[in-house]
Amino acid sequence: MGQFSMTISAVAGSVLSDNQHGYEPERDYRYVEINRALRQAHPGIVARILDGVAERGGQAAQDPDTDLIRINDEFTASVVLARCFETQGGSLRWRIRLDTGLVPDITIAVRMDELNEVPRDYYLLPSIDMTMAKLRLAEQNGLSLDAYRFDTLDYFYALAGRARITEAA
């Protein structure tokens, strides 16, 4: 962790600690704890995706340097967790930042539920169709984005899986 990150963590931790002792900051800093929890959850979600590909006969490995997942030596995927937040009007929103540096073939955007505890749904975003580095999602986003939305990763696993080909007699 860089010096800047450590400083931000120390300040945020101090503010959160003060808040527990009766100090009410003008800004809601709960997102700091949520982001920390999501960073801790990320490796487990990636591991489940790797296992899901393997269970369907595919091969998947995560590059330790880039965190990109290489599937069947054919394409790459990146996993992004999107924190849920509520607007002042009570609507749910998610921000997704696509990896424009590494440009994976597919970004698996995991939209978290309202409590940011479990995945709500998944967006399989092909880089060829994504023209913006950042996406702002609502509960309903229209066909241009929701065409990529899935309740489970079964479609992704079917894409990554392998079928055994039998020889003709």
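Under the condition of being within 22 Å of S127 (Cα to Cα), surrounded by 15 or more Cβ atoms within 10 Å (Cβ to Cβ) and in contact (Cβ under 8 Å) with a residue 24 or more places away in the chain, the residues counted in region 53-67 number 3. For region 38-51, the tally of residues that are surrounded by fewer than 14 Cβ atoms within 10 Å (Cβ to Cβ) and under 16 Å from R120 (Cβ atoms) stands at 1. With the structure loaded, tell me whether L81 is in contact (Cβ under 8 Å) with a residue 12 or more places away in the chain, surrounded by 15 or more Cβ atoms within 10 Å (Cβ to Cβ) and farther than 23 Å from Q59 by Cα or whether it fails that test. Judged against the criteria, L81 is not a match. The residues listed here are F75, F4; of these, the one that is among the aromatic types (F, W, Y) and modelled with pLDDT of 75 or more is F75. Given the structure, is A41 small (G, A, S), at pLDDT 95 or above and closer than 30 Å to R162 by Cα? For A41, the condition - small (G, A, S), at pLDDT 95 or above and closer than 30 Å to R162 by Cα - is not met. Looking at the structure I just gave you, is R70 of a type in the set (D, E, K, R), over 17 Å from D154 (Cα atoms), within 17 Å of the chain's Cα centre (by Cα) and crowded, with 16+ Cβ neighbours inside 10 Å? Answer is yes for this residue. Cβ separations smaller than 9 Å between residues 6+ apart or across chains give the following pairs from region 133-147 residues that are over 17 Å from F85 (Cβ atoms) to residues that are among the hydroxyl-bearing types (S, T, Y): A133/T100; L145/Y123; D146/Y123.
Remark: D154 matches the filter, which requires a residue to be more than 15 Å from the chain's Cα centre (by Cα), acidic (D, E) and surrounded by fewer than 15 Cβ atoms within 10 Å (Cβ to Cβ).
Checked against (1) modelled with pLDDT of 95 or more; (2) more than 16 Å from A158 (Cα to Cα), R97 passes all but condition (1). Filtering region 109-137 to residues that are surrounded by 13 or more Cβ atoms within 10 Å (Cβ to Cβ) and of a type in the set (A, V, I, L, M) leaves A109, V110, M112, L124, L125, M130, L135, L137.
Pull up region 73-93, narrow it to residues that are touching an Asp or Glu at 6+ places or on another chain (Cβ under 9 Å) and of a type outside the set (A, V, I, L, M), then point me to the one that is nearest to L153 (Cα to Cα). Only one residue fits best here, namely S78.
Taking region 53-169 and the strands (runs of 3 or more DSSP E) fully enclosed by it, the elements with 3 or more residues that are within 30 Å of V32 (Cα to Cα) are at 75-82, 84-86, 92-97, 106-112, 119-126, 134-137.
The values are calculated or read from the model by the stated rules, or taken from the named source; none is laboratory data. Quick caveat, the model's predicted, so the values are computed rather than measured. Heads up, the Cβs are rebuilt from the backbone with ideal geometry, glycines too, and the neighbour counts pull from every protein chain shown.
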